[in-house]
Every structure is written in structure tokens, then in C-alpha cells.
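Here is the structure we will look at.
The values are calculated or read from the model by the stated rules, or taken from the named source; none is laboratory data. Remember, it's a predicted structure, so these values are computed and weren't measured experimentally. Don't worry about glycine lacking a Cβ; one is built from the backbone with ideal geometry, like all the others, and counts go over all protein chains shown.
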């Protein structure tokens, strides 16, 4: 296998794991350790470099070769730096197409930390930004990255939206939420019956 030049002769100083663990909150000052998938993703973000991940967002948005694979990697990691860069592009780039691409990428890179941004996407004058914005809610709930309570207020906004696509997508999400609640109620009822015998 031919390795890329930037990967050749690179070794990791394993002593850095102590610093990484401290920076993500996995190692306390008294030496107690813990971990979570969020901490692990943050550690990967530190190893890859936040600036590299921000640049990766631009690489994807510009549609350069390998950008679909890059999108998949960002989707796996959900790095905050990439989410923040998508939002920065939305806020500052004058090119409407770049704004659209940024929200489209955010749809799969996002976790629940982006929920406060979605009303801003829905209020934007561009219909495609609005559509990708409601798509963020859809993807977050579908991927179990948030629950019905976290999206309830924003979903209500989308259900009343002037954009027909946004309203229809919001109805689909509402149906998914209702099905999830119904399924959870059935599971809870079954569990309670089983343990109350």
C-alpha cells in the first residue's frame, strides 16, 4: 500500500494520551478515569487536529476529489470543530450555494449541540437552506442523537412554516416521534408487566 506523505514516518508519543485524557475530561486531577463515546470522539478530533477538520469542511463544500469519503468520516466523528465551521460558513460566506452545502453537510455531522441554530436556518430567506435545516432535525432524531423533547419547540416552528417542503418533512418527523413514543410505551408496559409478576 502506498502511504500518503503526511502519514509516513509518523509515530505517536503515547505520553500524549495523559494530556488528551485530561483535556477531554476522562482523567481527573486525582487520577480517576472514565470514558464515553463523546470523549473518544473529542480525543480523535484532537489527534486529527481541529484546524484540519475545519479545512475538511471547506474541502467537502468545494467538491474536491475524495469529498464523499471525507463526508463519511466527518459523519462518523461528529466533530464540534466541523459543526462550528459549517455554521461559520452559513453565517459569513456570501455565496448562497456554499451556505446550502454547509447546512447539507451539517445535517450528517451534527449532534444535539446544533439544535439552537435550526430556527435560524428555518428563518433564512433561501428555501433550500430552510429545507436542509429541517433535514438536520430529521437526521438528529432518526439517528437517536436527540429525543422528542429536545426537538419539540423547533418542530412546532417547522410544522407552521410557509415552505411546503419544510411542513411536509416536519409532519414526517412528527409521525416518527409519535411512533417512537408509542413503541417506547409498549416496551415500558411489557417490562413493567414482566417485573411486577
Revision key, fill the gap. Of the candidates 65, 116, the one satisfying the condition of being more than 12 Å from the chain's Cα centre (by Cα), under 25 Å from residue 144 (Cβ atoms) and without any contact (Cβ under 8 Å) to a residue 12 or more places away in the chain is 116
Check your understanding: Does residue 153 count as on the phi < 0 side of the Ramachandran plot, surrounded by fewer than 24 Cβ atoms within 10 Å (Cβ to Cβ) and more than 12 Å from the chain's Cα centre (by Cα)?
Key -> yes
Check your understanding: Is there a residue in the range 2-19 that is exposed (fewer than 11 other Cβ atoms within 10 Å of the Cβ), at pLDDT below 95, over 18 Å from residue 117 (Cβ atoms) and under 15 Å from the mean Cα position of the chain (by Cα)?
Key -> no
Check your understanding: Can you name the residue in the range 74-99 that is free of Cβ contacts under 8 Å to residues at least 12 places away in the same chain and in a helix (DSSP H, G or I) and is also surrounded by the fewest Cβ atoms within 10 Å (Cβ to Cβ) among such residues?
Key -> 92
Exercise for review: State yes or no: is residue 125 more than 30 Å from residue 42 (Cα to Cα), outside any helix (DSSP H, G or I) and modelled with pLDDT of 95 or more?
Suggested key: yes
